[in-house]
Amino acid sequence: MPIIVRLDVALARRKMSLTELAEAVDITMANLSILKTGKAKAIRFSTLEAICRHLGCQPGDILEYAEDTIPAPLPKSSDSKEPL
């Protein structure tokens, strides 16, 4: 997945637990855990805003875009009669 969630890093920098953040922004531990582990498919802007407000950070401190690193297919052998 090209979006990497760095919530654990933001929490560690502030010496804050997931439980503390969940209570502060009024989100369930289960949903916050899904976000933290990168398994979330979406996040509401209002939730992201509440997290950033409480942690005193920007969305880019929590979310990062990374290119997919799927290797390109190997070229066919030159002995092949098929066009490349």
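Read-outs throughout are calculated quantities, based only on the coordinates presented, and are distinct from any laboratory measurement. Please read all numbers here as calculations on a predicted model, not as lab measurements. Heads up, the Cβs are rebuilt from the backbone with ideal geometry, glycines too, and the neighbour counts pull from every protein chain shown.
Which order do the peptides 20-27, 54-61 take when ranked by the mean count of other beta-carbon atoms within 10 Å per residue, highest first?
20-27, 54-61
What is region 3-65's relative contact order, in percent, from Cα pairs under 8 angstrom and six or more apart in sequence?
Values: 52 pairs, mean separation 33.9, N = 63.
Relative contact order of region 3-65: 54 percent.
Could you check the simple spin-label distance between A42 and R13, using points 7 Å along Cα→Cβ, in nm with one decimal?
Inter-label distance under the simple model: 2.8 nm.
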